[in-house]
Amino acid sequence: MKNYESPAIIINSVSDHLHVLFRLSKNYSLAKVVEEVKKQSSKWVKEIEDGNLKFSWQAGYGAFSASSSKLETVKQYIVNQKDHHKKISYHEEVEEFFKQYDLIEYDASYFWR
């Protein structure tokens, strides 16, 4: 992410997804940053000792902006992923989120294999 002037603020993952809060560069598109993060991390996973040679990312991704005033709230949400998903699955959460915010351009094939 540093190579694309988009420094990570916090990264956390659970078994089926990953959250990254970062400041997007003014010089690179979101699509380019995500493409490179996926490409480089996939390569790394395959090259490390005991790495997964079959690892691959899903085709799509979700991206949401957050105002500076909400950064601490978003950071805490990301930190608490493991506990959060004991109450609601990632799939349920995404579906609920899209309904709550009336996002009509949601293509489930980008999220669920």
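Scan the range 68-91 for residues that are outside any helix (DSSP H, G or I) and within 17 Å of VAL20 (Cα to Cα) and report the count.
Selection size over the range 68-91: 1.
Please specify each residue of the range 62-98 satisfying the condition of being at pLDDT 90 or above, within 24 Å of MET1 (Cα to Cα) and not aliphatic (A, V, I, L, M).
Selection gives SER65, SER67, SER68, SER69, LYS70, GLU72, THR73, LYS75, GLN76, TYR77, ASN80.
Any idea how many residues of the range 1-44 are hydroxyl-bearing (Ser, Thr, Tyr) and not in a loop (DSSP other than H, G, I, E, B)?
Result for the range 1-44: 4.
Would you mind finding the one in GLU72, GLU95, GLU47 that is outside the structural domain of SER6 (by TED's automatic domain parsing), exposed (fewer than 13 other Cβ atoms within 10 Å of the Cβ) and of a type in the set (Asp, Glu)?
Exactly one of GLU72, GLU95, GLU47 is outside the structural domain of SER6 (by TED's automatic domain parsing), exposed (fewer than 13 other Cβ atoms within 10 Å of the Cβ) and of a type in the set (Asp, Glu), namely GLU72.
Would you pick out the residues in the range 51-109 that are of a type in the set (S, T, N, Q) and in contact (Cβ under 8 Å) with a residue 12 or more places away in the chain?
Answer for the range 51-109, where residues must be of a type in the set (S, T, N, Q) and in contact (Cβ under 8 Å) with a residue 12 or more places away in the chain: SER56, GLN58, GLN81, SER109.
Examine the range 45-61 for a residue that is assigned to a helix (DSSP H, G or I) and either under 17 Å from the mean Cα position of the chain (by Cα) or at pLDDT 95 or above (or both), and state whether such a residue exists.
Among the residues of the range 45-61, at least one is assigned to a helix (DSSP H, G or I) and either under 17 Å from the mean Cα position of the chain (by Cα) or at pLDDT 95 or above (or both), which makes the answer yes.
The values are calculated or read from the model by the stated rules, or taken from the named source; none is laboratory data. Keep in mind that what you see is a predicted model, and the values were worked out from it rather than measured. Ideal geometry is used to build each Cβ from the backbone, glycine not excepted, and the neighbour counts take in all protein chains shown.
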